[in-house]
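Only one structure is covered here, and it is reproduced in the block below.
The values are calculated or read from the model by the stated rules, or taken from the named source; none is laboratory data. All values reported here derive from a predicted model rather than from experimental measurement. Counting neighbours? That spans all protein chains shown, and the Cβs are built from the backbone with ideal geometry, glycine included. Calculation scope for accessible area: heavy atoms of the full protein, side chains included, ligands and nucleic acids excluded. Shrake-Rupley method; radii C 1.70, N 1.55, O 1.52, S 1.80 Å.
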Amino acid sequence: MCGISGVISNKNISPYLVSKMVLSQKHRGPDNSTTKRLEDNVIFGHNRLSIISLDESSNQPFTCKDKRYTITYNGEIYNYIELRNQLKSFWTFKTTSDTEVLLAAYSVWGHKCLDKLNGMFSFCIWDKKFKKLFMARDRFGVKPLHYYINNEKLVFASEIKALWAYGIKKTLNQKVCSAYLKYGSYGDLNNTFWKGVSQLPAGNYAIYEANKIKLFKWYNFRSRVINLENDTYKIDRIKELIIDAIKIRFRADVPIGINLSGGVDSSTLLSIVNLLFKDNNHIKPFTFFTDDYRYDEIKWVVSMLKNNSDNLEKCLLKYTNVPSLTKKLMKYQDEPFGGIPTIAYGKVFERAKNIGYKVLLDGQGADESWAGYDYYNSDSKLTIQGTKVSPFKINVLEEDFSSLSKNIEYPKPFN
């Protein structure tokens, strides 16, 4: 991950405060931290975690050759090679980064570039010619983007603490907190647990100009739902999409690990990795365990790994560690988080970082989609809004990534 930040104001901007914003997100991008004044009233910041195109020419904030557009971006555009090939007749590339491809895509296609992106992202682009900011967030909000706005300025960042670092007042949003304590709700699409701090909703983009912001929905997952039923064609299509998704995520200039549990999601992920990359001993597996046989899934992980189990990195989480780790994670999260699994993942990610792994492939959501939990079984029915339904009439999402092709050659994992 990386960290993005910036301020657009009709009054003087303190470079020192923007530097404090960048410093507060240092953990998101330890490889490079930069602030850049784009105009008298516009400053961008960036914390970089280098994954693709590791040299300094790809550092951000990144400005195009004619100086019109500058981007600060967090995420990865997996199909950047295909997009680059489409754009090379319109743009002279000076790096091999997905950052420059993203900026080129926006300069050529405007907001319609979002439909062409296969990836996870949040980014902000300043248009010097028309004095406006373009902000966008990926389809499901994998990458965060928070902002504060009043009649004189817009302040944005990946994490809420960066807004506080700029001097935005830290006041609890009583309505959101009340809903969380009463109903377990984590807020709505726009609001956060902090008064005045908004988040750009998933699948939305925004335009900020003349001290006003307008939001636009560019992706609606409901329109992408298909019902599998017993349709063999659709099932085969889903298989193709899953395999494609895993293939393309091995595009990286750093080592890649894999995070495993005993669930359907990570076991599916591992089986496809084994299928795609026969010699995958250098793909480092990680898992966590509690040393309590009632809850641990490590026996299933070892079973899945077969002859590669000696390479497994095991991260022990003890119940006595939970209070201190909770306090530690709260400093990063800025809002309530999803309990013990988040703490366990934190242990795994910390271990991965310490032994030189910046990227872990992880299965998320497949147990919900593919009936991987105990309460999904052939003898049970789910009740949704009072209606009993079969858990095996599964709805899934299909992304129309037209840039991908069966003929694409994918690189082998970094060795």
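Please name all residue pairs, on different chains or six or more residues apart, with Cβ atoms under 7 Å, provided the first residue is in segment 337-356 and is over 12 Å from residue 322 (Cβ atoms) and the second residue is assigned to a helix (DSSP H, G or I) and at pLDDT 90 or above.
From segment 337-356, the pairs are 337/329.
Taking segment 324-364, which residues are under 18 Å from residue 49 (Cβ atoms) and of a type in the set (Asp, Glu)?
350, 362
Taking the condition out of contact with any strand residue (DSSP E or B) (no Cβ under 6 Å at 6 or more places or on another chain) and either among the polar types (S, T, N, Q) or on the phi > 0 side of the Ramachandran plot (or both), does residue 261 pass? Give the derivation first.
Details: out of contact with any strand residue (DSSP E or B) (no Cβ under 6 Å at 6 or more places or on another chain): yes; either among the polar types (S, T, N, Q) or on the phi > 0 side of the Ramachandran plot (or both): yes.
So residue 261 fits the description; yes.
Just one of (1) open to solvent by 10 Å² or more (accessible area, probe 1.4 Å); (2) at pLDDT 95 or above trips up residue 114, so point out which.
For residue 114, the failing item is (1).
To keep it simple, each residue is scored yes or no on (1) more than 30 Å from residue 244 (Cα to Cα); (2) among the hydrophobic types (A, V, I, L, M, F, W, C); (3) open to solvent by 60 Å² or more (accessible area, probe 1.4 Å).
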residue	(1), (2), (3)
2	no, yes, no
9	yes, no, no
23	yes, yes, yes
42	yes, yes, no
63	yes, no, no
79	no, no, no
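If you scan segment 156-188, which residues turn out to be part of a loop (DSSP other than H, G, I, E, B), surrounded by 13 or more Cβ atoms within 10 Å (Cβ to Cβ) and touching a strand residue (DSSP E or B) at 6+ places or on another chain (Cβ under 8 Å)?
Result: 158, 159, 168, 170, 173.
Please determine, by comparing only the residues of segment 88-129 that are part of a loop (DSSP other than H, G, I, E, B) and touching a residue at least 40 places away in the same chain (Cβ under 8 Å), which one is farthest from residue 64 (Cα to Cα). Lay out the reasoning, then the answer.
Narrowing segment 88-129 to residues part of a loop (DSSP other than H, G, I, E, B): 88-97, 117-118, 128-129.
Now drop any that are not touching a residue at least 40 places away in the same chain (Cβ under 8 Å), which leaves 95-97, 117-118, 128-129.
Values: 95: 11, 96: 14, 97: 13, 117: 19, 118: 22, 128: 11, 129: 13 Å.
By that ranking, first place goes to 118.
Do we have any residue at all in segment 13-20 that's at pLDDT 95 or above, under 13 Å from residue 162 (Cα atoms), in contact with a helix residue (DSSP H, G or I) (Cβ under 8 Å, 6 or more places away or on another chain) and open to solvent by less than 60 Å² (accessible area, probe 1.4 Å)?
Yes; the residues of segment 13-20 include at least one that is at pLDDT 95 or above, under 13 Å from residue 162 (Cα atoms), in contact with a helix residue (DSSP H, G or I) (Cβ under 8 Å, 6 or more places away or on another chain) and open to solvent by less than 60 Å² (accessible area, probe 1.4 Å).
On the given criteria, is residue 212 touching a residue at least 12 places away in the same chain (Cβ under 8 Å), open to solvent by 90 Å² or more (accessible area, probe 1.4 Å), closer than 30 Å to residue 126 by Cα and among the charged types (D, E, K, R)? It would help to see each step written out before you state the result.
Numbers: touching a residue at least 12 places away in the same chain (Cβ under 8 Å): no; open to solvent by 90 Å² or more (accessible area, probe 1.4 Å): yes; closer than 30 Å to residue 126 by Cα: yes; among the charged types (D, E, K, R): yes.
Taking the combined requirement at face value, the residue does not satisfy it.
Just to be sure, is residue 214 assigned to a helix (DSSP H, G or I) and of a type in the set (Lys, Arg)? If you could, list the steps in order and put the result at the bottom.
Working: assigned to a helix (DSSP H, G or I): no; of a type in the set (Lys, Arg): yes.
No: the conditions fail for residue 214.
If the requirement is being under 25 Å from residue 365 (Cβ atoms) and open to solvent by less than 10 Å² (accessible area, probe 1.4 Å), which of these qualifies: 122, 97?
Working: 97 fails: under 25 Å from residue 365 (Cβ atoms).
122 is the lone residue from the list that is under 25 Å from residue 365 (Cβ atoms) and open to solvent by less than 10 Å² (accessible area, probe 1.4 Å).
Assuming residue 302 fulfils every condition listed in (1) of a type in the set (A, V, I, L, M, F, W, C); (2) in contact (Cβ under 8 Å) with a residue 24 or more places away in the chain; (3) within 17 Å of residue 271 (Cα to Cα) apart from one, which condition is it?
(2)
Residue under question is residue 132, and the condition is that it be surrounded by 16 or more Cβ atoms within 10 Å (Cβ to Cβ), in contact (Cβ under 8 Å) with a residue 60 or more places away in the chain and of a type outside the set (S, T, N, Q); does it hold? Outline the logic, then answer.
Working: surrounded by 16 or more Cβ atoms within 10 Å (Cβ to Cβ): no; in contact (Cβ under 8 Å) with a residue 60 or more places away in the chain: yes; of a type outside the set (S, T, N, Q): yes.
It is false that residue 132 is surrounded by 16 or more Cβ atoms within 10 Å (Cβ to Cβ), in contact (Cβ under 8 Å) with a residue 60 or more places away in the chain and of a type outside the set (S, T, N, Q).
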